[in-house]
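Take a look at the structure set out below.
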Amino acid sequence: MKPFVKWFGGKTDKAEAAQGLDSDNIPSHVAVIMDGNGRWAQKRGLPRIAGHHSGMKNVKKITMAANDIGVRVLTMYAFSTENWKRPKEEVEYLMKLPLEFFPKEIDELVANNVQIRMTGWSQDLPDYTLKAVQDAIDRTKNNDGLILNFALNYGSRKEMLAGVQQLVKDAQAGKIRPEDISESMFSSYLLTDPLPDPDLLIRTSGELRISNFMLWQLAYSELWFTDLCWPEFNELHFYEAIQEYQRRARRYGGL
Ligand code: FPP
């Protein structure tokens, strides 16, 4: 495998970087915590929302990079159940991003056979946000290429509690027996069902935490962190993360 470090500083392009990867060991599901939009903007004397706008553009770039190497599912953490606590203007801006993103990008996503999905509580989203996302989901539902999954109004503890509540109801109704509850059955009660667990989690901006993201699903995922803020994270960085993933030995608790 070629050393990535030589490729930075404009020495090479993303196609060459992609070719350096082991095509037999591409993570099926990559999940991304896109952090650092606000800091990226503030460092440049821009309002925080400018960082979110730049971050939105990066979603498309990294989606294409993932598609080019054969990643099957790319989950992007776009809005957490905790993000409602932010100032109203920022929340509104974030909720309007899908109205810009999908009309602008949908043709190219369709041309690339990308399927859009959403993981999160759709009923709490403003109607206009939900409509923009739902239109994209409907338009791409028959595509069978990369699944671009937006975690939108998603929080893992809430997801697990809702799953447990439904399990208990189904047990009380006699549909399942408590002793039959397995890991795979529990997974099927989560919002991410039927997606596979992430193989690789990427978090930008230097924060070393999971922030209530896919706590159950990340049990055996490889974690990769970078100090770069999300808007400055590019295809080469993405491939660098994949290369590091390919160097790791996944033992799932075994030897
Ligand atoms: C975290 O950075 C980022 C978010 C809360 C929003 C992420 C959303 C996008 C990148 C756009 C998503 C696109 C679509 C189409 C839905 P932060 O604001 O917490 O950064 P900070 O930690 O530097 O303040």
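Listing for the model above:
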read-out: Dipole magnitude of region 81-133 about its Cα centre (Cβ charges: Lys, Arg +1; Asp, Glu -1), debye to nearest 20; value: 120
read-out: Unit charges on C-beta of K, R, D, E only; dipole of region 1-141, Debye; value: 480
read-out: Cleavage-rule hits, chymotrypsin sites (Phe, Trp or Tyr not before Pro), region 218-255, DSSP coil, Cβ neighbours within 10 Å at most 14; value: 220, 252
read-out: Long pairs among 96/169; 61/141; 43/158, criterion Cα-Cα beyond 25 Å; value: 96/169; 43/158
read-out: Whole-angstrom gap from region 174-196 to region 88-116, using each part's C-alpha centre; value: 31
read-out: Cβ crowding within 10 Å averaged over residues, with 108-116, 65-73 ranked highest first; value: 65-73, 108-116
read-out: Cα lying deepest toward the dipole's positive end in the chain, options 239, 50, 78, charges on Cβ; value: 50
read-out: Per-residue Cβ neighbour rank within 10 angstrom, fewest leading, 200, 21; value: 21, 200
read-out: DSSP H segments from the chain that extend 27 Å or more along their own axis, Cα-based, with Kyte-Doolittle mean of 1.0 or above; value: none
read-out: Reduced Cα scattering model of region 96-182, Debye log10 I(q)/I(0), q = 0.13, 0.20, 0.21 Å⁻¹; value: -0.57, -0.90, -0.94
read-out: Convex hull of Cα atoms in region 1-140, direction-averaged projection (nm²); value: 9.9
read-out: Directionally averaged shadow of the chain, computed from the convex hull of its alpha-carbon atoms, nm²; value: 15.7
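Since every read-out is calculated from the coordinates, none of them should be taken as a lab result. Because the structure is a prediction, the values reported are computed rather than measured. So basically every Cβ, Gly included, is an ideal-geometry build from the backbone, and we count neighbours across all protein chains shown.
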